[in-house]
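Undergrad: I'd like to ask you about the structure that follows.
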Amino acid sequence: DSGVTQTPKHLITATGQRVTLRCSPRSGDLSVYWYQQSLDQGLQFLIQYYNGEERAKGNILERFSAQQFPDLHSELNLSSLELGDSALYFCASSARGGLNTGELFFGEGSRLTVL
Amino acid sequence: AQSVTQLDSQVPVFEEAPVELRCNYSSSVSVYLFWYVQYPNQGLQLLLKYLSGSTLVKGINGFEAEFNKSQTSFHLRKPSVHISDTAEYFCATAYSGAGSYQLTFGKGTKLSVIP
């Protein structure tokens, strides 16, 4: 158990819809990362938050947005969903925003299926 | 931009045989390298990391990796595999700067241990 909690574990929805994925980082971790894992693209970094502030952006679509709340949990919002958005979405956390020990702790992921 | 290339998408190996999973990196700045493992239906877990110092890095579950700067490689090895090592293995490099830090992953190598 990494200590990172993601909900829901599975989600099935239709094209054009909007979903919210939730992540609770390990206790005390200030930094949250979102990754997308798909068969064709592999693991892609989407976005990083540190103590409530956006710190880095990766290959995140404009239809996607995220935020980190004062209690440090984070939400990833996916809107106008397309078939190609079907993927496993991982949240990870680390103690600080910089390299530090270099380790990210991953949740078990939220599997999104868009029909 | 930093990147890693995993040369084999699938590696079958018999139980108790040695295994090497190959990873090459490209980077023009300081190199930080990692191997993560993903067991079926689970998130990623850190196996080992190279941040600096000794080029031979030992990790969990009997795995080790060697950082080779001249060959820009960070291959993962285990002298004798077990059925429980069946999983997908990801090589990753880290970018760190301006308070931001994220991992860039390779496409992954699926290790299948044959009884």
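Undergrad: Considering just Cα atoms, how many Å³ per residue does the convex hull of chain A enclose? Mind dumping the intermediate values first?
TA: Numbers: hull volume 10.7 nm³, N = 115.
Dividing the Cα hull volume of chain A by its residues yields 93 Å³.
Undergrad: Let me ask another. Under 19 Å from the 7 Å Cα→Cβ point of B:Asn41, by amide nitrogen: which residues of the range A:69-91?
TA: A:87-91
Undergrad: Quick one: P(r) of the range B:13-96 from all Cα-Cα pairs, 10 Å bins, percents rounded to integers, in order of increasing distance.
TA: 17, 51, 26, 5
Undergrad: Remind me, relative contact order of chain A in percent, using alpha carbon pairs under 8 angstrom and six or more residues apart?
TA: Numbers: 293 pairs, mean separation 42.9, N = 115.
Over chain A, the number comes to 37 percent.
Undergrad: Using only the alpha carbons of the protein assembly as shown, determine the length spanned along each of the three principal axes and report them from longest to shortest in whole angstroms.
TA: Answer, in whole Å and largest first: 48, 40, 31 Å.
Undergrad: Hand me the trypsin sites (Lys or Arg not before Pro) from the range A:22-115 located in a DSSP loop with no more than 14 other Cβ atoms within 10 Å, in residue order please.
TA: Numbers: sites: A:Arg22, A:Arg26, A:Arg55, A:Lys57, A:Arg63, A:Arg96, A:Arg111; in loops: A:Arg26, A:Arg63, A:Arg96.
Listed in order of number, the matching sites are A:Arg63, A:Arg96.
Undergrad: What is the antiparallel percent of DSSP beta bridges lying wholly in chain A, to the nearest 5?
TA: Numbers: 37 of 41 bridges.
Here the share of antiparallel DSSP bridges comes out near 90 percent.
Undergrad: Now for a separate question. Where nothing but the Cβ of Lys and Arg (+1) and of Asp and Glu (-1) is charged, how large is the charge dipole of chain A around its Cα centre, in debye to the nearest 20?
TA: The calculation lands at about 60 debye.
Undergrad: Just to be sure I understand: with springs between alpha-carbon atoms less than 10 Å apart, which residue in A:Ile12, A:Ile47, A:Ile60 has the highest mean-square fluctuation in the Gaussian network model of chain A?
TA: Largest GNM mean-square fluctuation: A:Ile12.
Undergrad: For the pairs B:Lys78/B:Lys107; B:Lys49/B:Lys107; A:Lys9/B:Lys78; B:Lys49/B:Lys69; A:Lys9/B:Lys58, flag any whose C-alpha to C-alpha distance is greater than 22 Å.
TA: Values: B:Lys78/B:Lys107 20 Å; B:Lys49/B:Lys107 18 Å; A:Lys9/B:Lys78 32 Å; B:Lys49/B:Lys69 15 Å; A:Lys9/B:Lys58 33 Å.
Exceeds cut-off: A:Lys9/B:Lys78; A:Lys9/B:Lys58.
Undergrad: In the range B:1-79, what GluC sites (Glu not before Pro) fall in a loop by DSSP, with at most 15 other Cβ atoms inside 10 Å?
TA: Numbers: sites: B:Glu15, B:Glu16, B:Glu20, B:Glu64, B:Glu66; in loops: B:Glu15, B:Glu16.
Within the range B:1-79, the qualifying GluC sites (Glu not before Pro) (loop, at most 15 other Cβ atoms within 10 Å) are B:Glu15, B:Glu16.
Undergrad: Which FRET efficiency value, to the nearest 0.05, do you get for B:Ser26 and A:Gln17 by plugging their Cβ-Cβ distance into 1/(1 + (r/R0)^6) with R0 = 41 Å?
TA: On the way: r = 39 Å, r/R0 = 0.95.
Between B:Ser26 and A:Gln17 the formula returns 0.60.
Undergrad: Positive end of the dipole of chain B, charges at C-beta (+1 Lys, Arg; -1 Asp, Glu), about the Cα centre: which of B:Tyr95, B:Leu7, B:Leu56 has its Cα farthest in that direction?
TA: Of the listed residues, the answer is B:Tyr95.
Undergrad: Running a GNM on chain B with Cα contacts under 10 Å, which residue among B:Ser27, B:Ser52, B:Ser70 ends up with the highest mean-square fluctuation?
TA: Result for chain B, Cα springs under 10 Å: B:Ser70 fluctuates most.
Undergrad: For B:Thr72, A:Thr113, which order do you get if you count the other beta carbons within 10 Å of each Cβ and list the fewest first?
TA: On the way: B:Thr72 15, A:Thr113 12.
The order, fewest Cβ neighbours first, is A:Thr113, B:Thr72.
A short reminder: the numbers here are calculations on the coordinates, not readings from a lab. Since this is a predicted model, take the numbers as computed values, not measurements. With ideal geometry, Cβ positions are generated from the backbone for all residues, glycine too; neighbour counts draw on all protein chains shown.
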